[in-house]
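The values are calculated or read from the model by the stated rules, or taken from the named source; none is laboratory data. The model shown is predicted, which means the values in this text are computed figures rather than measured ones. All Cβ positions, even for glycine, are placed from backbone atoms using ideal geometry, and neighbour counts span all protein chains on display. For accessibility, only protein heavy atoms count, side chains too; no ligands or nucleic acids. Shrake-Rupley method; radii C 1.70, N 1.55, O 1.52, S 1.80 Å.
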Amino acid sequence: MNAKPTVESELVEIQHSEPILTIEDLCFSTSNYLESKQVDDIRRAYYFAHDAHEGQIRRSGEPYITHPLAVAHVLAMMHMDYECIMAGLLHDVIEDTHVSRESLAAEFSEQVALLVDGVSKLAQATFETRQHAQAESLRKMLLAMSQDIRVIIVKLADRLHNMRTLGHLIPEKRRRIAHETLEIYSPIAQRLGMNLMRCELEDLGFHVLYPTRYRVLFEAVRKARGNRKEIVSQITASILNRMEEEGLTADIQGREKNLYSIYKKMVTKQLSFAEVMDVYAFRMVVDDIDSCYRMLGVMHNLYKPVQGKFKDYIAIPKANGYQSLHTVLFGPYGLPIEVQIRSRDMDQMAEAGVAAHWLYKTGESEGSSQAERRARQWLQGILEMQKGSGDSIEFLENLRIDLFPEEIYVFTPKGEIMSLPRGATPVDFAYAVHSDVGNSCVAARIGRYLSPLSTQLETGQSVEIISSPNTHPNPAWLNFVITAKARTNIRQYLKHLKNEEAILLGRRLLNKHLRAFSTGLDDISQQRIDELVAEFELNNFEQILDDIGLGNRSVLLVAQKLIQSDTSQEQNQQPLMIAGTDGMVVSFARCCHPIPGDPIQGYVSTGRGIIVHQVNCKNVHNLRDKNENWLDVAWALDVSTEFLVDILLHVKNQRGALATIAVAVSETDSNIDNVVVEERDVGYADLHLTIEVTGRQHLARVIRRLRRIDMVERIARVNQ
Ligand code: MN
């Protein structure tokens, strides 16, 4: 994996099998950079592993020890230190043999034991599902990794060799491992800046999951290279020529994406192969930072730059520590040329990431210590996240979100740079600053302007969060936040809140039903309540109320049990009053948007509380059969909050129509929440507006006002 991807290098097709190396090969290659005493330790670890795995056979028929040996070899190619290589040799002994962590520590060292233990999976038998086992093992590995980053390097080497030798496994297992590699391990490699590792893992996984697509792309790339040769050498010659005039030197490499990246780009951006390949990419490696900027000047002078494509990742490195200057130029015949310019240090970092520290012995260089610091920051974030997520599956989901979106860079009011995934909002920003800031944010100033909390941020903006101590996270934020940290924090808050609210609602519901029997909770004896708690095998009455509030337990049944009354008794039920401020356990159906004044019905949905529909909502008719889930509800008299409602306007398509309508709406103290414009016949358009009103009277007022506008031909409320 040391070969640099240059245009000239041969494409080699993946085989998923590998030549077998011996321990003497390993000792030879490590003796090039390790002390002889350390090489002796490596040999000792090999024989220990050899004996432990005695009799075990790989699927390919080879002795098991060939696998850890190959893993150690991958690590040696990366010039990892001797402890790491020993761990590579021993990496499967805890999981697959009777050797314990303690005996490894005694035999070798605490460090080696930690590395091996870190990559050992937890026994699957102790978990309900493979998913749980996988998530828990991953969580354990990330924890170990935060103590010693080499854990993940051993794990990636292990995974790389497994991927290289997948050929002997049954197809289903092969696909599962490939899938996990693309979903978890190659993104982790990317997060740590280990680009060569990422590319190889990706192409191996791609080859397993989509063999035909791989083959087609492989051939297409091979052919495209042939066709491009002439233009590439023409451009290279021009560049070299100009460099000579300016007295600059650089290594110039033709640069190509790996097959999986090409494939991903075709799929996500819906581009044809020709469109993806129709870019000429060059990388120029120079001696120092200063030369980077000089080289940029030379390139911009040689070919015109494309506006808005220049990126300075030297001044503002990517989150994984990657640094380079990126620019796009108009080349000969108008062909786009992508150029990356970086120093040698940056180039090493770009290929090996955190592993550059060992590979290039650049321990003291700024690049590699920065990469390690960033890796640590990332891990720190993960650790915080795993404290917040209760369940290991939730943790895995959060981790997936956290791994690798594209990034944007914004500034705090103090001018500090924050990196956030693309699509992040001020709420994500606030949580990235601190969870307290997130929990108390009410508004944001982007640049100089007040902006909604749901605005997507863009690189270069400065963001200021306006917070207030008396506010709380809003459940609606979950619709737009994208970072795991924000999501976890909001969910955590809501879980806690939801419980309190569910208990309150449960109490109200139960009281209402008890009133039907002319009694109330206050009249029921504590003894009777305790008996019921015992009967349901719960710890306290609150759990019953919580279940009722969330719709997990029938309120009628509980009421009847409490009064031990006959079910046939005529019920004189009062409807539950809906005030619009009932919090999360009462919600309003999006299909029919009920507003105060509408006849309504409540549907008790398991785990989601009560959903209020209009009585004439289509869904109500569909759900009608499930009788016991329906509940009589009515609007409370003092509803004062605002509700969303959909209206449809048929308008003459004139300049300024939308603005006129927006003004009219705001004049009636309403707000437009959403607008969809649909061109109809020539000169007409349908305007779907979602507006906020306090009830039917308010809505009528808005509609009357809108009718007065000349351009509005027809207007109606949409009841689905
Ligand atoms: Mn292994």
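Shown for the range 643-717: the carbon plus sulfur share of the solvent-accessible area, taken with all protein chains present and a 1.4 angstrom probe, equals 46%.
For the range 49-200, the fraction of 1.4 Å probe accessible surface lying on carbon and sulfur atoms is 48 percent. Computed extension gain for V676 through H496, at 0.36 nm per residue and net of the alpha carbon distance, reaches 61.2 nm.
Rounded to the nearest angstrom and ordered from largest down, what semi-axes does the equivalent ellipsoid of the range 643-717 get from its C-alpha gyration tensor (root of 5λ)?
Output for the range 643-717: semi-axes of 20, 12, 11 Å.
Residues whose amide H falls under 5 Å from that of S324, counting only those 5 or more places apart or on a different chain, are Y313, I314, with hydrogens built in the peptide plane.
From the Cα gyration tensor of the chain, with a ≥ b ≥ c the square roots of its eigenvalues, which class applies: rounded if a/c is under 1.5, or else prolate if a/b is larger than b/c, or else oblate? Oblate, because a/c is 1.5 or more while a/b does not exceed b/c.
What percent do you get for the relative contact order of the chain when only Cα pairs under 8 Å and 6+ apart count?
With pairs under 8 Å counted, the relative contact order is 7 percent.
Based on protein heavy atoms only, the chain ends up with 49 Å² per residue of surface accessible to a 1.4 Å probe.
Considering the range 5-210, its Cα convex hull presents a mean projected area of 12.1 nm². Sequence neighbours fewer than 8 away in the same chain don't count; with that in mind, list the lysines whose C-alpha is under 18 Å from K140. Straight-line reach from K140, under 18 Å: K121, K155, K387. Annotated for the range 192-291: lysine pairs at least 8 residues apart or interchain, Cα distance under 21 Å, count 6. A simple spin-label model places pseudo-atoms 7 Å from Cα toward Cβ; at L383 and V306 they are separated by 4.3 nm. Using 0.36 nm per residue and subtracting the Cα-Cα separation, the extra length available between R655 and A443 on full extension is 73.1 nm.
Modelled spin labels at A634 and H168, positioned 7 Å past Cα toward Cβ, are 7.7 nm from each other. For a paramagnetic label modelled on E416 (point 7 Å from Cα along Cα→Cβ), amide N atoms under 18 Å away belong, within the range 465-493, to 465-467, 485-486. Per-residue ellipticity at 222 nm from helix content only, as computed over the chain with -39500 (n - 2.57) for each DSSP H run of at least four residues, stands at -15000 deg cm²/dmol.
Between K37 and R213, the FRET efficiency from the beta-carbon distance, with R0 = 51 Å, is close to 0.55. For H179 and N540, the FRET efficiency from 1/(1 + (r/R0)^6), where r spans their Cβ atoms and R0 equals 25 Å, is about 0.05. Taking 0.36 nm per residue of separation and subtracting the Cα-Cα distance, full extension of the segment from N616 to L335 would add 95.1 nm. If R0 equals 56 Å, the separation of the Cβ atoms of L648 and E54 corresponds to a calculated FRET efficiency of about 0.15. In this simple spin-label model, placing a label point 7 Å from the Cα along the Cα-to-Cβ direction at both T471 and E531 gives a separation of 5.1 nm.
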